[in-house]
Every structure is written in structure tokens, then in C-alpha cells.
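The values are calculated or read from the model by the stated rules, or taken from the named source; none is laboratory data. Everything numeric here is computed off the predicted structure, so don't read it as measured data. Cβ placement follows ideal geometry from the backbone for every residue including glycine, while neighbour counts extend to all protein chains displayed.
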Amino acid sequence: MGKLKTHMNNFFFIASLVCCVLIGLSTACEVKQDKLQNAEKSITEEDLEKHVRALASDAFEGRKPFTEGEKKTIAYIREAFERMGLPGGYRGEYFQDVPLVEVTIKPSEDIRIDTEEGPLHFRYPDEVIASTQRIAEKIEIKDSELVFAGYGIVAPEYGWNDYEGLDAEGKTVVVMVNDPGFASQDSRLFKGNAMTYYGRWTYKYEEAARQGALGVMVVHETGAAGYPWSVLQNSAGSELYLQAEDHYMSRCALQGWITLEAAKTLFAKAGKDFDSLAASASRPGFASVPLGATISLTMENTLKRNVSRNVLALCPGSDRADECIVYTAHWDHLGIGPEIRGDSIYNGCADNACAVAWLLEIAEAFSQLQERPSRSVLFIAPTAEESGLLGSAYYAAHPVFPMAKTVAVMNTDILPLNGPMKDVTITGYGQSELDDYVETAAREQGRYVMPDPEAHNGMYYRSDHFSFARLGVPALFAKGCNDHAEHGKAWARQKMKEYWENHYHRPSDEFDPESADLRGLLLDTKLFFNIGLQLSMEETFPAWKEGSEFKAVREKNIKRDVGGKFSP
């Protein structure tokens, strides 16, 4: 009996001890949760609006690199980081110098194409946009043979080569925008309706240069490109490039666009039917077609070398400080440009003042944490996104944290202030395990995840996360935009359509206090804070999914063990 009593006493002591531990753990969890909630509560609609109003105001002159607008913008972002108490993210400094060259291009207003049936004259920039990446004061092209090269794609994994049998040396290739999957709506070609990187004009310029072409002209079509011709016109005549030792002499002398109507006129004059050739180009086995025509033009260029700046801040990690989570939102827009309806300042409210506000408020929340995250969190506002993701590309080539130690990058871009959304639309859905993090965080907000219904416009390859993705870092690009909490899907889709058609890269993309509804921006900001917080506390690395074109790059740099952890 004495032994039984002793056992019973021991049992009750242990049970009491376990209860105390559980109560203690519960209390600790509640305290920890309170701290996290306090950090999240620092994200407010009022602070978001303050940032948006400032950055999208006329005083910032459209935030173009190399202007007073840049000076004001990067100072504003730096001062915001300083107030949070976050140190500079680039070797202790807030600014990372990005050496750029601005090329002001003045091509012949009359661009001549000679055919066997006589000459054609196309107007710049109404019918043809001529540009160059070569850093030279004068570019002269004389009688370069024109060849239709389909989509201008060489993709061995898809069994596709538009240049097979074509000696492109000295020639100017005319190519279609997007890729054969979109044109044919055949899910078996490339990724079907969703654009791949092969569909981007940047790729087509790169491939034409690899093939030795003297020039490349992309046929513009609004649906396939994802934006109207006016977007190209508004930015024509001035280009920014990263400075390069070879002055880009390895690139094509002519990198240009031609309207669909002008292309049809050219093909008809050359005795070719554009529609039938375009249809043929979207089927396997296409062979290039000489057009029996030549192009001649001159470009006079003014060169200006200068330094623009990425703005970076760091929330240092604790026990895994050498690994990092990255947030990005580009600060630049188009500055002062062609006047439209009496306005020439391209304020860039949705693109991208709202996203910079998103970045600053997430940084503010991390600065409010009582305990530092396990991993470091890096906040980057890159420059020159509008010129081809130049700031983020420069950072990726000159990083603070190696790409193998960069766990994930989260980016946002183009956030019209249309109010709260039920959806979280993931552009690039199915690419990586980051989708799972979004689904969990969205569910906690009473929202749901959906793939981007406009995947054909290639947005996954058109914003700063792509600079990381192409080097193997899992990249997330998502926002609520397709299912309004009060007005529904049709209303939300119409609003986005209106933005792309009427405001994208125009002066009318500005803050309107009468119509702006920041509740959706608030939800998305809190959503991404919680996703980043979870990633910053973990040991696992999210991976690319099967079928992603970036999976092999990542796996070359890091190995995954059975427990899901990665090591360089």
C-alpha cells in the first residue's frame, strides 16, 4: 500500500508538472502571438496612403532614374528605413550604386524598306519603333535583308528551332511576339496559353544576337503582347542599359518593333500572305521565309553615363543570419514624357508607388518584432525596372547574400487601388512550393488562391522577381485583383481591364483620393508579411515544382536532404 501511495504521489506530481509546462507553453505562445499581432498591427491603411500619396505626387516627377525625381524618391525610402531603425542592407549602406547608360535615340523619321515591287516608307514611332542597345553615337544599317523567322525561338526542350537552316548573319529577322502556345491555343505547345520566357521580346532580342543577326523587329499585337502600341510609343527614343565592357556590340544593331498593320503591308508588298505565314509559324517544323526586301535606316544617339541606385534595408537574422528572405518593389517609373490630355507627368501610382508602400509597411512590421527572426530579411527597392529589370538584375549579379543562401524572393508590382479582394492571384502558379505558403496565409484571411487568368501576357517574366528566378531562387508574384469582396469577379476584371487599356504607363496612373480604396492593399501587405515571417522562422527551403524551367538551376547550387532542408 505504501508503494502504491508513493506511485500515486509521483503520478500526480508528474501530471501537475506536465500541466504547468503545458500552461506555460500556452502562455508563451499567447505572448508570442501577441507580439506578432502587434507587429502586424503596425501595418495600417493610413500609413500606406501616406506613402502612396507622396511617391505618386507631381513633386516626385514620375520617379525616373537620373532625374530630381530619383533623388527625392531614394531619399524618401532611405529616410523611411532609418525611422524604422533598420540598418542599410548593402554592406551597411542604404544605396547600392547601379552604373547605367542612357541612350537617347533619334532614328530616321522615315524608315525605308525596299521590295521588288518598290519602296515602302514607315513612320517612326507610329508604325515602326527603332532602337539599339549598342553604345555608339551613330548606328547605320544599309540594305539589310529581311527574313521572317517565325517566333524567333530556339528551345531544344520543346523540340523547336525557328533558326534551323537560316544563316542570319547580317540579316534583319522579323519575328512574332509571344510564343506558339498562345497563338495556337494548343496546350501541347510550350505552356499553352501561358507565356514562357521564349515569348518575351527580351528573349527574342537575345536570341537574334546569338544567331548573328544585324537586326530584329518584333511584330506587335496587343493581345499577344499584353499592352497596346501606345505603351511602346510613350517610352520610345530613350533607353537605359547597364554599363557593359563590350558596349553591347555583341547585340543586334537594330532592336525594334513593327505594328501588325505595317507588318501586313510589308508582307503583302513582298508577295507574302502574313496571316497564313503566321499560322504556319505556330506549328512544328516551320522554316524561315526570306521576304525579298531590305531595310535601311540611321540612328543618331546621345549617350549619358551615370549611376542610379537600388535602396536596401536589412532586418538581421539571429541563428540563421547568413540565409535571407527578400522582398522587392521597384521605385522607378517613366518620369516626364509625351503630354496626354494636358498632363505629362507619369506618376506611376499603381506602378509602382503602391508596391513601394507595401514594401515599406512590411519592413515596418518586421522592425516592430520583439524577437529577431531566425533568418535575415532583406528589403530592396530596385531602380530601372521599367527599362528591363536593370536594378534587380544588377543586385542579382552583385548580391549581399549568395543566391544559394537566398531562400525566396517576394515581389509585387502594379497594384490599382480597387479595394478588398477575395482572391489572391498567383502569377506563375504551379512554379514553386511558395504557392502552398500563399494558400495557408490566404485561408487565414478568408481568401482563396487562383492562377493568373492573364498568364498569356507573361507578367511572370516582366517584374523584378524574375532576376532572381532565372538564377534559381524560388520567386513569388501575387496579389488580389480578380474577385472583389463586394462587387464580384466581373467588376474586378473590368477594373483591371480599364487600368491596362487606359492608365498603364500613362499620366493618368495617379492617386485619386475620390476613388482610391486601399483596403485591398492593406490585406495584401499583411498577407505577405505573414508569409515572409513564416519563411524567416523556418529551416526548410521551398523548392521549384516539377516542370518549372528554374528547377535545374536551383538544384545545381543546392542539395535537398530527406528532411526537406537544403545545403549549398
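The one condition from (1) over 23 Å from LYS272 (Cα atoms); (2) modelled with pLDDT under 95; (3) in contact with a helix residue (DSSP H, G or I) (Cβ under 8 Å, 6 or more places away or on another chain) that ARG188 does not meet is (3).
Just checking, which of SER230, SER280, SER308, SER276 is part of a helix (DSSP H, G or I), over 22 Å from GLU116 (Cα atoms), of a type in the set (S, T, N, Q) and modelled with pLDDT of 95 or more?
On the way: SER230 fails: modelled with pLDDT of 95 or more; SER308 fails: part of a helix (DSSP H, G or I); SER276 fails: over 22 Å from GLU116 (Cα atoms).
Among SER230, SER280, SER308, SER276, only SER280 is part of a helix (DSSP H, G or I), over 22 Å from GLU116 (Cα atoms), of a type in the set (S, T, N, Q) and modelled with pLDDT of 95 or more.
Just one of the listed residues (THR73, THR104) is of a type in the set (S, T, N, Q) and within 21 Å of TRP358 (Cα to Cα), and it is THR73.
Of the residues in the stretch 82-89, none is farther than 25 Å from PHE401 by Cβ, among the acidic types (Asp, Glu) and modelled with pLDDT of 95 or more. Look at the stretch 246-271: where a residue is free of Cβ contacts under 8 Å to residues at least 60 places away in the same chain and a partner is part of a loop (DSSP other than H, G, I, E, B), sitting 6+ places away or on another chain with Cβ atoms under 8 Å, you get LEU260/GLU221. Pairs linking a residue in the stretch 470-486 that is more than 19 Å from ILE531 (Cα to Cα) to a residue that is of a type outside the set (Val, Ile, Thr) and in a loop (DSSP other than H, G, I, E, B), with Cβ atoms under 6 Å and 6 or more positions apart or on different chains, are GLY472/PHE550; ASP483/LYS422; ALA485/PRO420; ALA485/LYS422. Determine which single condition PHE566 fails, assuming it passes every other condition in (1) at pLDDT 95 or above; (2) surrounded by fewer than 22 Cβ atoms within 10 Å (Cβ to Cβ); (3) hydrophobic (A, V, I, L, M, F, W, C). Checking PHE566 against (1) at pLDDT 95 or above; (2) surrounded by fewer than 22 Cβ atoms within 10 Å (Cβ to Cβ); (3) hydrophobic (A, V, I, L, M, F, W, C), the one that fails is (1).
Looking only at residues in the stretch 169-221 that are free of Cβ contacts under 8 Å to residues at least 12 places away in the same chain and small (Gly, Ala, Ser), the one that is surrounded by the fewest Cβ atoms within 10 Å (Cβ to Cβ) is SER187.
Sort through THR294, THR259 and tell me the only one that's over 27 Å from the mean Cα position of the chain (by Cα) and polar (S, T, N, Q). Step through it out loud before you land on a result.
On the way: THR259 fails: over 27 Å from the mean Cα position of the chain (by Cα).
Going through THR294, THR259 in turn, just one is over 27 Å from the mean Cα position of the chain (by Cα) and polar (S, T, N, Q): THR294.
Filtering ALA329, ALA270, ALA321, ALA278 for residues that are surrounded by 19 or more Cβ atoms within 10 Å (Cβ to Cβ), outside the structural domain of ILE141 (by TED's automatic domain parsing) and among the small types (Gly, Ala, Ser) leaves a single hit, ALA329.
Among the residues of the stretch 482-517, those identified as surrounded by 15 or more Cβ atoms within 10 Å (Cβ to Cβ), under 26 Å from GLN233 (Cβ atoms) and not basic (Lys, Arg) are MET496, TYR499, TRP500, HIS503, TYR504, HIS505, PRO507, SER508, ASP509, GLU510, PHE511. Residues in the stretch 451-472 that are in a loop (DSSP other than H, G, I, E, B) and either crowded, with 23+ Cβ neighbours inside 10 Å or of a type in the set (Phe, Trp, Tyr) (or both): GLY458, SER463, ASP464. Touching a Leu at 6+ places or on another chain (Cβ under 8 Å), on the phi < 0 side of the Ramachandran plot and either not β-branched (Val, Ile, Thr) or not assigned by TED's automatic domain parsing to the domain that holds MET176 (or both): does that describe TYR124? Judged against the criteria, TYR124 is not a match.
Is one or more of the residues making up the stretch 333-344 under 19 Å from THR525 (Cα atoms) and touching a residue at least 24 places away in the same chain (Cβ under 8 Å)? Within the stretch 333-344, not a single residue is under 19 Å from THR525 (Cα atoms) and touching a residue at least 24 places away in the same chain (Cβ under 8 Å).
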